[in-house]
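The values are calculated or read from the model by the stated rules, or taken from the named source; none is laboratory data. Keep in mind the model is a prediction, meaning the values are calculated, not measured. So basically every Cβ, Gly included, is an ideal-geometry build from the backbone, and we count neighbours across all protein chains shown.
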Amino acid sequence: MGTMSPSAASGLQLSTVEGVGFADGVTDPGQTSVAVLGGTGPQGRGLALRWAAAGVSVVLGSRDAARAASVAAELAGQLHPEGRTPSGTDNATAAQAGQVVVLAVPWSAHDALVTEVAGALVGKVVVDCVNPLQFDARGAHPVPVPAGSAAEQAATLALGARVVGAFHHVSAALLADPTVIRIDSDVLVVGDDRAAVDVVIGLAGLIPGVRGVHAGRLRTAGALEALTANLLAVNRRYRVHAGIRVTDL
Ligand SMILES: NC(=O)c1ccc[n+]([C@@H]2O[C@H](COP(=O)([O-])OP(=O)(O)OC[C@H]3O[C@@H](n4cnc5c(N)ncnc54)[C@H](OP(=O)(O)O)[C@@H]3O)[C@@H](O)[C@H]2O)c1
């Protein structure tokens, strides 16, 4: 048994989204299923832990189904009874299973994974949290992306997917630490499909302390992705897990 607080689901307002299974007025995260591809890594497992704690049906994806199942079992051991036991499988099966699909792999693996599962993403809300960064002795820096950003690249590779960029700036270390009860942070959410953006804002709001904020169109995703390099520099300089807060909102 872990120390995760009980679900913060009471304020959830998921929007109506045709094709991804949300019904009008749904406020029950138990009716939502989220696949987290690359869910065995720090970011994916952290998001999975938080959503499972809020009662969301979460399936972790991995290149190795057994590894995903093992991580899912580990996360289950960190949940309070109110939480919902996650499952684990291969990325392709997870992408089929989730109503919402989160991409949480390294940038180097992003395009190949999206291409592999593109058929399963048609009509679904796809959340891209991938930061196209490289690291050297001077720290992290953004790398050029042909489509402009990882999120736009996903939209190009997975035609018909309702791609949203989000969760670029939430620390995996905080998400995955069950002793951290609240993460006081905003999640900047960008996308061209307003209903899809609202679904992701709802998912952000399931994480205690987190607020999802609509921050523009998908074509601005590159700015969010690049900003992560600055946050990582803050983390390094001040030895923190920095996040973003929008003021006067
Ligand atoms: N870490 C953070 O604090 C943070 C915060 C915000 C956003 N992000 C973004 O979230 C993404 C994931 O971050 P992370 O730190 O969790 O990354 P990670 O640990 O490097 O990778 C996540 C998972 O991706 C899979 N993977 C690794 N290489 C792969 C490859 N070549 N092909 C297919 N799958 C591969 C692995 O799962 P399997 O081996 O099980 O397949 C791995 O566990 C990154 O793009 C990062 O920019 C991270």
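Among the candidates THR85, THR93, the residue that is β-branched (Val, Ile, Thr), surrounded by fewer than 19 Cβ atoms within 10 Å (Cβ to Cβ), over 17 Å from the mean Cα position of the chain (by Cα) and away from the ligand (no atom under 16 Å from the Cβ) is uniquely THR85.
Checked against (1) part of a strand (DSSP E or B); (2) surrounded by 24 or more Cβ atoms within 10 Å (Cβ to Cβ), VAL130 passes all but a single condition, namely (1). A single member of VAL101, VAL114 is crowded, with 24+ Cβ neighbours inside 10 Å and assigned to a helix (DSSP H, G or I), and it is VAL114.
Here is a yes/no grid of residues against (1) within 14 Å of the ligand (Cβ to nearest atom); (2) closer than 23 Å to ALA204 by Cβ; (3) not small (Gly, Ala, Ser):
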position: VAL122; (1), (2), (3): no, no, yes
position: LEU133; (1), (2), (3): yes, yes, yes
position: ARG138; (1), (2), (3): no, no, yes
position: HIS141; (1), (2), (3): yes, no, yes
position: PRO144; (1), (2), (3): no, no, yes
position: ALA151; (1), (2), (3): yes, yes, no
position: ALA155; (1), (2), (3): no, yes, no
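Restricting attention to the range 144-170 and to residues that are on the phi < 0 side of the Ramachandran plot and touching a Lys or Arg at 6+ places or on another chain (Cβ under 7 Å), the residue that is surrounded by the most Cβ atoms within 10 Å (Cβ to Cβ) turns out to be ARG162.
Take ALA215 and tell me if it is at pLDDT 95 or above, of a type in the set (Gly, Ala, Ser) and in a strand (DSSP E or B). So ALA215 passes the test.
Among the conditions (1) under 14 Å from the mean Cα position of the chain (by Cα); (2) surrounded by 15 or more Cβ atoms within 10 Å (Cβ to Cβ); (3) not aliphatic (A, V, I, L, M), PRO106 misses just one, which is (2). Among the residues of the range 63-95, those that are among the aliphatic types (A, V, I, L, M) and in a helix (DSSP H, G or I) comprise ALA65, ALA66, ALA68, ALA69, VAL71, ALA72, ALA73, LEU75, ALA76, ALA92, ALA94, ALA95.
Within the range 219-235, one or more residues are touching a strand residue (DSSP E or B) at 6+ places or on another chain (Cβ under 7 Å), among the β-branched types (Val, Ile, Thr) and not in a loop (DSSP other than H, G, I, E, B).
Within the range 97-110, residues that are without any contact (Cβ under 8 Å) to a residue 60 or more places away in the chain have Cβ atoms under 8 Å from residues that are polar (S, T, N, Q) in these pairs: TRP107/ASN131; HIS110/GLN153, counting only partners at least 6 apart in sequence or on another chain. Restricting attention to the range 47-66, and to residues there that are more than 16 Å from the ligand (Cβ to nearest atom) and among the small types (Gly, Ala, Ser), which single residue is surrounded by the fewest Cβ atoms within 10 Å (Cβ to Cβ)? Here the residue is SER57. Could you go through the range 161-184 and let me know if any residue there is over 22 Å from ARG50 (Cβ atoms), modelled with pLDDT of 95 or more and of a type in the set (A, V, I, L, M, F, W, C). Yes - at least one qualifying residue is present in the range 161-184. Please tell me if LEU47 is assigned to a loop (DSSP other than H, G, I, E, B), under 19 Å from ALA196 (Cβ atoms) and not basic (Lys, Arg). It is false that LEU47 is assigned to a loop (DSSP other than H, G, I, E, B), under 19 Å from ALA196 (Cβ atoms) and not basic (Lys, Arg).
Scanning the range 67-76 for any residue that is under 12 Å from the mean Cα position of the chain (by Cα), within 14 Å of the ligand (Cβ to nearest atom) and at pLDDT 95 or above turns up nothing.
Whether any residue in the range 214-221 is buried (at least 20 other Cβ atoms within 10 Å of the Cβ) and away from the ligand (no atom under 13 Å from the Cβ) is what I want to check. Yes, because at least one residue in the range 214-221 is buried (at least 20 other Cβ atoms within 10 Å of the Cβ) and away from the ligand (no atom under 13 Å from the Cβ). A search for C-beta distances below 9 Å between a residue of the range 158-174 that is within 15 Å of the ligand (Cβ to nearest atom) and any residue that is modelled with pLDDT of 95 or more and basic (Lys, Arg), counting only pairs 6+ apart in sequence or on different chains, returns ALA172/ARG45.
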